[in-house]
Amino acid sequence: GAGAAAVNAANSGSPAGNGGVGLASSITGASVYRAGGGGGGSDATSGGVSGNGQGVGGNGGGGDGIKNVGMGASNPGTANTGGGGGGRNGGAASGAGLGGSGVVIARVPTLDWTGTQSGATVTTSGDYTILTFNTSGSFVV
């Protein structure tokens, strides 16, 4: 994760490391964590998420790690957080989870805001207009 180092455990049979905690930001007016690290995959049979040996995704959208036997698809990072995808045991037939898509957030003093934008979700917080882009877009100040 962007805000803290992960706990590393890479040897066979050990529970995998958890993803690092992301960074908290209050740009929208509320504190939200983003960019959490993905949890590690493991072939361990105990510890980790649900006692199956895999690591937990970090706060901020990190995907949980999985093991290869009967666990299905890898866990992606949460959309619009930039969280890392969960890891998978090296013996798995497919790879680790994809990272979550990112987000662009602009905070503009409302007195300077022209109201011209495309592709954003527009909110206000105090004296600021907040533009949140989860896809391509633009705005004019």
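Return one whole number: the accessible area per residue of the range 89-141 in Å², for a 1.4 Å probe.
That works out to 61 Å² per residue.
Which whole-Hz couplings ³J(HN,Hα) result when phi for each residue of the range 75-81 is put into the Karplus expression 6.51 cos²θ - 1.76 cosθ + 1.60, θ = phi - 60°, listed in order with x for Gly and Pro?
My calculation for the range 75-81 gives 8, x, x, 5, 4, 6, 10 Hz in order.
May I ask you to derive the FRET efficiency for Val141 and Leu98 from their Cβ-Cβ distance with R0 = 25 Å, giving the value to the nearest 0.05?
About 0.15, to the nearest 0.05.
Highest first, please rank the peptides 121-127, 102-108 by the mean number of other Cβ atoms sitting within 10 Å of their residues.
Final packing ranking: 102-108, 121-127.
The values are calculated or read from the model by the stated rules, or taken from the named source; none is laboratory data. Here the structure is a predicted model, which means the values were calculated and not measured. A quick note on method: Cβ atoms are made from the backbone with ideal geometry, for glycine too, and the neighbour counts reach across all protein chains shown. Remember, those area values only see protein heavy atoms, side chains included, never the ligands or the DNA or RNA. Shrake-Rupley method; radii C 1.70, N 1.55, O 1.52, S 1.80 Å.
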